[in-house]
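Colleague: Sharing a structure, written as structure tokens. Questions coming.
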Amino acid sequence: MPGSGSTAQQNVMEYWIKQYQRACSPVQVAYKPIGSGAGVAQFMRGATSFGGSDSPVKPEDSKPADGVCPGGRAINLPMVGGAVAIGFNVPGVDDLVLDAPTVAKIFDSQITTWDDPAIRKLNPGAELPSLPIRAVHRSDDSGTTQNFQAYLAGAAPEVWSHPAEKAWQGRGGDSADGSDAVAGTVNSTSGSIGYFELSFAEKLDMKTVRIDTGASEPVAATEESSSAGIAAGEVVGKGKDLTLQFDYRTSAVDTYPIVLVSYEIVCDKGNVAETLPALKSFLTYTASSEGQKPLARLHYVPLPESVAAEVRQVISTLS
């Protein structure tokens, strides 16, 4: 049973598939981390049984190609949460605080050196070098990019005027294909900064930005702080669609604002009969307490149980 898409899901999919196939060895599950945009496109033309995406398919785009999901449509099932961390590589700086307007200006080439007054003001004790900033973004269509740009547009609308699309909209900067490549570029490039899921930062033992949200203390990207951000999300999808919406301007204590939920995109009706039992079985496992409980060890955030229960109920009705 093939799936493809989100690179944010790459590490957890490897774990889920290994555990699932250990228990259900006759079922073969394959997942290619090719980016959310490409994964959704493959699903929509019937090349895969499910697509992984860090941003939901919009209702107006939920009708796949002819012959795919006959009698039904594509729906979004949240499956795993996480923080979009901002990793940095600045010589002599171990702790970096930024706020939304400053992040927006950095990634839109309006702030171009690390000793800029706006960065100095947020980091009065830091020895910031006079070094050019190399902001790294995704070159491929990416749900991580869409979520990051949604945060910039939602939390700093007076600075970030670009739409929250899967394709990068900011001006200038460097690019790399996939979250692992962005993280690797930042890790190896002096003066760089980039965005990617927290699991990639943890894997490379990389320093990440603390966000000044207006709370009493800047908020670091952790499993706990992003869990608080995700728990505050609201289901806004209709029918069986479980799209979530977040408050990017939150100033709640210990609540990290740059969060995402990674979805599995499936047909509500008209799934391929030969793979439907395997699809339902595998997704039921990933949404179960057994599938969700280990996520913190992998630097992801489990779904709130109230959301996970809704996901499991919808999976049981897939046809």
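Colleague: Would you mind computing the Rg to Rh ratio of region 68-145 from its alpha-carbon coordinates, Kirkwood style for Rh?
Modeller: Rg/Rh for region 68-145 comes to 1.19.
Colleague: Give me the mean projected area, in nm² to one decimal, of the convex hull enclosing the Cα positions of region 162-319. Don't skip to the end; give the middle numbers.
Modeller: Working: hull surface 45.5 nm².
Mean orientational projected area (region 162-319, Cα hull): 11.4 nm².
Colleague: Counting heavy atoms of the protein chains only and a 1.4 Å probe, report the per residue accessible area for the chain as a whole number of Å².
Modeller: Details: 12940 Å² over 319 residues.
Per residue, the chain has an accessible area of 41 Å².
Colleague: Can you find, among G82, G67, G92, the residue farthest towards the positive end of the dipole of region 47-100? Put +1 on the C-beta of Lys and Arg, -1 on that of Asp and Glu.
Modeller: Most positive-ward Cα: G67.
Colleague: List the longest stretch of the chain that has no exposed loop site; here a site is one of the GluC sites (Glu not before Pro) assigned by DSSP to anything other than H, G, I, E or B, with at most 14 other Cβ within 10 Å.
Modeller: Details: sites that count: E127, E158, E274.
Within the chain, the longest run free of exposed GluC sites (Glu not before Pro) spans 1-126.
Colleague: Of the lysine pairs in the chain, how many meet both conditions: Cα atoms under 21 Å apart, and a spacing of 8 or more in sequence or different chains?
Modeller: So the count of such lysine pairs works out to 27.
Colleague: Still on this structure, please answer the following. Tell me, what is the FRET efficiency for A65 and E165 to the nearest 0.05, using R0 = 35 angstrom and their Cβ-Cβ distance as r? List each step's numbers first, then the result.
Modeller: Details: r = 22 Å, r/R0 = 0.62.
With R0 = 35 Å, the Cβ-Cβ based efficiency is 0.95.
Colleague: Follow-up question, since we're still on this one. Treat every Asp and Glu Cβ in the chain as -1 and every Lys and Arg Cβ as +1, leave all other atoms uncharged, and give the resulting dipole magnitude about the Cα centre to the nearest 20 debye.
Modeller: Values: 25 positive and 36 negative charges, 164 e Å.
In debye, rounded to 20, the chain gives about 780.
Colleague: For region 200-261, what are the per-bin percents of Cα-Cα distances with bins 10 Å wide, up to the bin holding the maximum?
Modeller: Values per bin, smallest distances first: 22, 45, 25, 8, 0.
Colleague: Looking at region 89-177, which trypsin sites (Lys or Arg not before Pro) are DSSP coil and have at most 12 other C-beta atoms within 10 Å of their C-beta? Write out the running numbers ahead of the final one.
Modeller: Working: sites: K105, R120, K121, R134, R138, K166, R171; in loops: K166, R171.
Those that pass, being in a loop and sparsely packed, are R171.
Colleague: Exactly which trypsin sites (Lys or Arg not before Pro) in region 1-70 are in a DSSP loop and have at most 13 other Cβ atoms within 10 Å? Present the calculation step by step, with values, prior to reporting the outcome.
Modeller: Working: sites: K18, R22, R45; in loops: R45.
Sparse-neighbourhood loop trypsin sites (Lys or Arg not before Pro): R45.
Colleague: Of S199, T286, S227, which is farthest along the charge dipole of the chain in the positive direction, counting Lys and Arg as +1 and Asp and Glu as -1 at C-beta?
Modeller: So the residue we want is T286.
Colleague: Based on the alpha-carbon gyration tensor of region 91-207 and its eigenvalue square roots a ≥ b ≥ c, which shape applies: rounded if a/c is under 1.5, prolate if not and a/b is larger than b/c, or oblate? Write out the running numbers ahead of the final one.
Modeller: Working: a/c = 1.75, a/b = 1.16, b/c = 1.50.
Oblate.
Colleague: Considering only the chain, what is the antiparallel percent among its DSSP beta bridges, to the nearest 5?
Modeller: Working: 24 of 39 bridges.
So the antiparallel bridges amount to about 60 percent of the total.
Colleague: Can you work out the FRET efficiency for the pair A231 and S288, with r the C-beta to C-beta distance and R0 = 25 Å, to the nearest 0.05? Before the final figure, lay out the partial values.
Modeller: On the way: r = 19 Å, r/R0 = 0.76.
With R0 = 25 Å, the Cβ-Cβ based efficiency is 0.85.
Colleague: Tell me, what is the FRET efficiency for S251 and D95 to the nearest 0.05, using R0 = 22 angstrom and their Cβ-Cβ distance as r? Don't skip to the end; give the middle numbers.
Modeller: Details: r = 21 Å, r/R0 = 0.93.
It comes out at approximately 0.60.
Colleague: May I pose another question? With a 1.4 Å probe and all protein chains left in place, how much of the accessible area of the chain comes from carbon and sulfur atoms, in whole percent? Each step should come with its number before you reach the end.
Modeller: Numbers: 6410 of 12940 Å².
That share works out to 50 percent.
Colleague: With bins 10 Å wide starting at 0, give me the P(r) of the chain over every alpha carbon pair, in whole percents.
Modeller: Histogram of Cα-Cα distances, whole percents per bin: 6, 28, 35, 20, 9, 2, 0.
Colleague: Taking Cα pairs under 8 Å and at least six residues apart, what relative contact order does the chain come out at, in percent?
Modeller: Values: 725 pairs, mean separation 81.3, N = 319.
Value for the chain: 25 percent.
Colleague: Oh, and also: Tell me what the chain gives for mean residue ellipticity at 222 nm when only DSSP H runs of n ≥ 4 count, each as -39,500 (n - 2.57), the sum divided by the residue total, rounded to 500 deg cm²/dmol.
Modeller: Numbers: 11 runs with 104 residues, N = 319.
For the chain, the value works out to -9500 deg cm²/dmol.
Colleague: What do you get when you divide the Cα radius of gyration of region 253-319 by 2.2 N^0.38 Å, with N the number of residues?
Modeller: Details: Rg = 13.8 Å, N = 67, 2.2 N^0.38 = 10.9 Å.
Compared with the compact-globule rule of thumb, region 253-319 sits at 1.27.
Colleague: May I pose another question? Out of all Cα-Cα pairs in region 70-114, roughly what percent, to the nearest whole number, are more than 14 Å apart?
Modeller: On the way: 687 of 990 pairs.
That tail contains 69 percent of the Cα-Cα pairs.
Colleague: Largest first, how would K280, K238, K32 line up by accessible area (1.4 Å probe)? Don't jump to the answer; show the numbers that get you there.
Modeller: Details: K280 55, K238 155, K32 135 Å².
Sorted by accessible area, descending: K238, K32, K280.
Colleague: Label R22 and A296 with points 7 Å out from Cα along Cα→Cβ: what is the distance between them in nm?
Modeller: Once both label points are built, they end up 2.0 nm from each other.
Colleague: By its C-alpha gyration tensor, with a ≥ b ≥ c as the square roots of the eigenvalues, how is region 16-85 shaped: rounded for a/c under 1.5, else prolate for a/b larger than b/c, else oblate?
Modeller: Taking the square roots of the gyration eigenvalues as a ≥ b ≥ c, region 16-85 is oblate.
Colleague: How big is region 158-239 on each of its three principal axes, counting only the C-alpha atoms and giving the largest first in Å?
Modeller: For region 158-239, the Cα spread along each principal axis is 41, 30, 28 Å.
The values are calculated or read from the model by the stated rules, or taken from the named source; none is laboratory data. Values in this document were obtained by computation on a predicted structure and should not be read as measured data. Positions of Cβ are backbone-derived with ideal geometry, glycine not excepted, and every protein chain shown enters the neighbour counts. Accessible surface is based on the protein model in full, side chains and every heavy atom, while ligands, DNA and RNA are left aside. Shrake-Rupley method; radii C 1.70, N 1.55, O 1.52, S 1.80 Å.
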